[in-house]
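Working notes, beginning with the structure itself.
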Amino acid sequence: SIGDSLAATFACIGALTALHHRHVTGRGQVIDSAIYEAVLNMMESLVTEYDKAGFIRERTGAILPNVAPSNVYRTRDGMVLIAANQDTVFTRLAAAMGQPALAQDPRYATHGARGAHQQELDALVEQWTQSLTTHNALALMDEHGVPAGLIYRAPEMLEDPHFKAREAIVTVPHPDFGELRM
């Protein structure tokens, strides 16, 4: 269903651009938005990788192949996303983990080396995150300047203070179901 939303977003952007063009030039434009093309736009370098290198990217779940550590990791009470694949950010993650020597270990010292040892490194990071609560893991990531975030399910979305403050989830009446939050 994300294709529906992306196609609508691209159609809206196109319409706004066409209105601006009409305002400037006096001439209208045709807007054409397709679901499959909208999703294709989100595929990063998938087509180019095949076209120039003959590489067919397969499904990988939460990871990008050879980009590590950047994954969803289990904690004692949930999951967190940690994206520490850049060299200086990985150094900060290693410090947060209490293992600063990891950043100098030849297996992990560079982006390429971490990518080559992705599964091994992900296992090390998850071993560490499983010793922490989600709250503590995120606090350490924040303290050390490592990009990280919660993995939200519906209950977390409904309780999130930012969603509440911005009224991102509203309650509307429904004739059969009563009050619906959406």
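The values are calculated or read from the model by the stated rules, or taken from the named source; none is laboratory data. Since the structure is predicted, the reported quantities are computational estimates derived from the model, not experimental observations. All Cβ positions, even for glycine, are placed from backbone atoms using ideal geometry, and neighbour counts span all protein chains on display. Protein only, heavy atoms only, side chains kept; ligands, DNA and RNA dropped before computing areas. Shrake-Rupley method; radii C 1.70, N 1.55, O 1.52, S 1.80 Å.
Please give, to one decimal in nm, the separation of the simple spin-label points placed at Ile169 and Arg22, each 7 Å out from Cα toward the Cβ.
Label-label distance for Ile169 and Arg22, simple model: 3.9 nm.
Could you look at the chain and say what percent of its accessible area is carbon and sulfur, using a 1.4 Å probe and all protein chains?
58 percent
Relative contact order for the stretch 25-152: what percent, with Cα pairs under 8 Å and sequence separation of 6 or more?
Relative contact order here is 27 percent.
If you find the alpha carbon centre of the stretch 117-182 and of the stretch 1-45, how far apart are they in angstrom?
Answer, in whole Å: 31.
For Arg153 and Ile13 in the same chain, what is the full-extension length gain: residue separation times 0.36 nm, less their Cα-Cα distance, in nm?
Result: 47.5 nm gained on full extension.
Under a point-charge model restricted to the Cβ atoms of Lys and Arg (+1) and Asp and Glu (-1), what is the dipole moment magnitude of the chain relative to its Cα centre, in debye to the nearest 20?
Rounded to the nearest 20 debye, it is 300 debye.
Got a sec to turn the phi values of the stretch 146-162 into Karplus ³J(HN,Hα) couplings, 6.51 cos²θ - 1.76 cosθ + 1.60 with θ = phi - 60°, whole Hz, x for Gly and Pro?
Computed from phi, the couplings for the stretch 146-162 are 10, x, 7, x, 6, 9, 8, 10, 3, x, 5, 5, 5, 9, 5, x, 5 Hz.
Where the Cα atoms of the stretch 66-135 are projected onto their three principal axes, how long is each span, largest first, in whole Å?
32, 22, 16
Heavy-atom accessible area per residue, the chain, 1.4 Å probe: how many Å²?
Ligands and nucleic acids excluded, the result is 68 Å² per residue.
Multiplying the sequence separation of Glu143 and Asp160 by 0.36 nm and subtracting their Cα-Cα distance, what value in nm do you get?
4.1 nm
What angle, in degrees between 0 and 90 and rounded to the nearest 10, separates the Cα long axis of helix 118-129 from the longest principal axis of the Cα atoms of the chain?
80 degrees
Convert each backbone phi in the stretch 64-71 into a coupling constant with the Karplus relation 6.51 cos²θ - 1.76 cosθ + 1.60 (shift: θ = phi - 60°), then list the ³J(HN,Hα) values in order as whole Hz, x for Gly and Pro.
Rounded to whole hertz, the list is 10, x, 6, 10, 8, x, 7, 7.
Compute the helix-to-body angle for 134-143: its Cα long axis versus the longest principal axis of the chain, expressed 0 to 90° and rounded to tens.
Rounded to the nearest ten degrees, it is 90.
Give me the one-decimal Kirkwood hydrodynamic radius in Å for the chain, with the sum taken over alpha-carbon pairs.
Hydrodynamic radius (Kirkwood, Cα only) of the chain equals 20.1 Å.
Can you list the HN-Hα couplings for the stretch 166-182, worked out from phi with the Karplus curve (6.51, -1.76, 1.60; θ = phi - 60°), rounded to whole Hz and with x for Gly and Pro?
Whole-Hz 3J(HN,Hα) from phi for the stretch 166-182: 8, 6, 6, 10, 10, 10, 10, x, 9, x, 9, 10, x, 7, 10, 8, 8.
Per the Kirkwood formula on distinct C-alpha pairs, the Rh of the stretch 87-182 is how many angstrom?
Value: 16.1 Å, from the Cα pair sum.
Which of these, Ala34, Ala84, Ala139, has the largest mean-square fluctuation under a Gaussian network model of the chain (Cα springs below 10 Å)?
Fluctuation is largest for Ala34.
With angles folded into 0 to 90 degrees, how steeply does helix 87-96 sit against the dominant principal axis of the chain? Use alpha carbons for both and round to 10.
60 degrees
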